[in-house]
Amino acid sequence: MLVGLVGGGGRWLIESLQAKLSDLWEARWLVGNRDDPDRKIWDVAYGRVGKDRTHLPFQTKRLAMIQLDLEIVLGKIEAFAIHKNLENFANAFRQARNILTLESPLAKTYHSDLAPTSDIPLEAKQLLGAAQVAWVFGGMGSWNDLGFDGQDQDEYNQLSDDLFSLLQLAVCSAVNSSPLRGTRIP
């Protein structure tokens with residue numbers, strides 16, 4: 001529920017890898033130019049929060065498996081949204097599923113520069129695009145601001161948890177598929 005707030009939704013760290021040790025970096029987001037014509041008002045600064053640490057364990061699934069899992073969850077949550085007459089959310093989930101098949105998956109997203117490099121695999125770009133479109137978590141009026149009765153609430157909670165976890169896995173795995181070595185998102 002806290003994901004709608006700046007800094008909510010857990011900590012995202014960048015691990016800078018050396019041969020045997022790592023440094024950890026964390027972002028600090030601040031509102032910059034509120035009048036930016038592109039509405040990109042956020043400034044970010046990174047601070048080192050860990051130095052000369054042992055490498056963090058990093059495990060992920062193959063990108064194709066994450067795509068398949070995401071496609072399945074998006075289909076289920078879209079059906080739930082349709083059943084509850086939440087067409088705006090259903091459209092977002094449908095569009096995210098569609099992005100998983102596009103050749104230029106970031107072309108029509110707001111953050112088309114989300115990929116860390118153009119050299120990441122197409123599957124990684126598709127995951128980044130789909131994750132961006134399917135990210136319905138926020139503050140008032142967002143997906144996690146809804147509530148239902150009985151079994152519908154249980155299904156909503158499970159689908160929301162599944163989607164949230166998969167979107168985080170998709171972003172981390174996609175970013176870490178870069179051929180660049182030395183940095184990864186744990």
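The values are calculated or read from the model by the stated rules, or taken from the named source; none is laboratory data. Everything numeric here is computed off the predicted structure, so don't read it as measured data. Reconstructed Cβ throughout: ideal geometry from the backbone, glycine too, with neighbour counts over all protein chains shown.
Being surrounded by fewer than 12 Cβ atoms within 10 Å (Cβ to Cβ) and more than 17 Å from Ile14 (Cβ to Cβ) is true for just one of Ala79, Ala107. Which residue is that?
Ala107
Pick out the one residue from Gly147, Gly141 that is in a loop (DSSP other than H, G, I, E, B), in the same structural domain as Arg97 (by TED's automatic domain parsing), more than 16 Å from the chain's Cα centre (by Cα) and modelled with pLDDT of 85 or more.
Gly147
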